[in-house]
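The values are calculated or read from the model by the stated rules, or taken from the named source; none is laboratory data. Quick caveat, the model's predicted, so the values are computed rather than measured. Neighbour counts are summed over all protein chains in view; Cβ atoms, including those assigned to glycine, are modelled from backbone coordinates with ideal geometry. For accessibility, only protein heavy atoms count, side chains too; no ligands or nucleic acids. Shrake-Rupley method; radii C 1.70, N 1.55, O 1.52, S 1.80 Å.
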Amino acid sequence: MRMCSIASGSSGNCIYAGSDTTHILVDVGISGKKTVQGLEKLGVKPEDLDGIFVTHEHADHINGLGVMARKYGIPVYGTKGTLDAIRRTSSLGKIDESLFQEIEADTKITVKDMTLNPMRISHDAAEPVAYRIIHGKKKIGIVTDLGCYNDYTVECLKGMDALLIEANHDVNMLQVGPYPYYLKQRILGKRGHLSNELSGQLLGRILNDHMQTVILGHLSRDNNLPELAYETVRVEIAMADNAYKAGDFPIRVASRSEMSEIIEIA
């Protein structure tokens, strides 16, 4: 199984996961053109996509959804709340109802040789989820847009081989930055976004002997820096009450505008 961040950040999110025979996207928050260009670099034709799994209906996760679904007839998977919100998003244009596939949190769905298991997250959207993806004995998690985590989150993410996890903002940068007060409160709230510190603390609870790679994603353009996210997460892992150190596995930071390297989960 392999994973690649085509784009990840507050301006657009699109993550690829696939095997030799199955190809899916988690979110299409960038233009259809950029999505296709990213897939081509991966050697994947858009016609080969087996599904687009949507985490929630915010623009930075669905901007290119209408174009991709219509042009290539790709099934769109999402919770009932998310799909209903997508139907109400006029900017996407009309999407054929037959393409919508309703899913539920904690109910697995199999697409060819990959199994996806949605998990509930805390975010200010209709019915948001993150995704765990299983291929054979390998497991990856794609978990962004959550303002907080709890024991359920930790339990869901145990035993992962690779993880793309949100490290959205540095709290101090956000607090002194240019955002209006209401927006700062939204981001900092329990239905907002995970800070660098909280991201590192969550990682500290779910690290395991199988973990091969961690990708920090969904970084804010205005309230974070890649180097700051990387170092803060490493510090939090070092302070965690476990046997692992930040140097025990690679930690990468996904770019908002450039593709990550392809992560092969051996």
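Here are a few things to note about the model shown:
- Within region 1-58, the set of residues being within 15 Å of Ala130 (Cβ to Cβ), of a type outside the set (Gly, Ala, Ser) and in a loop (DSSP other than H, G, I, E, B) comprises Asn13, Asp27, Val54, Thr55, His56, Glu57, His58.
- Test: Asp106 is on the phi > 0 side of the Ramachandran plot, of a type in the set (D, E, K, R) and surrounded by 21 or more Cβ atoms within 10 Å (Cβ to Cβ): no
- Leu157 vs. criteria of a type in the set (A, V, I, L, M, F, W, C) and loosely packed, with under 15 Cβ neighbours inside 10 Å: no
- Among the residues of region 18-54, just one is under 20 Å from the mean Cα position of the chain (by Cα), open to solvent by 70 Å² or more (accessible area, probe 1.4 Å) and not basic (Lys, Arg), namely Gln37.
- On the stretch given as region 227-247, residues that are open to solvent by less than 90 Å² (accessible area, probe 1.4 Å) and in a helix (DSSP H, G or I) total 12.
- Screening region 173-221 for residues that are of a type in the set (D, E, K, R) and open to solvent by 60 Å² or more (accessible area, probe 1.4 Å) and picking the one that is farthest from the chain's Cα centre (by Cα) gives Asp209.
- From the options Gly73, Gly136, residue that is closer than 30 Å to Asn208 by Cα, in contact (Cβ under 8 Å) with a residue 12 or more places away in the chain, more than 15 Å from the chain's Cα centre (by Cα) and open to solvent by 10 Å² or more (accessible area, probe 1.4 Å): Gly136
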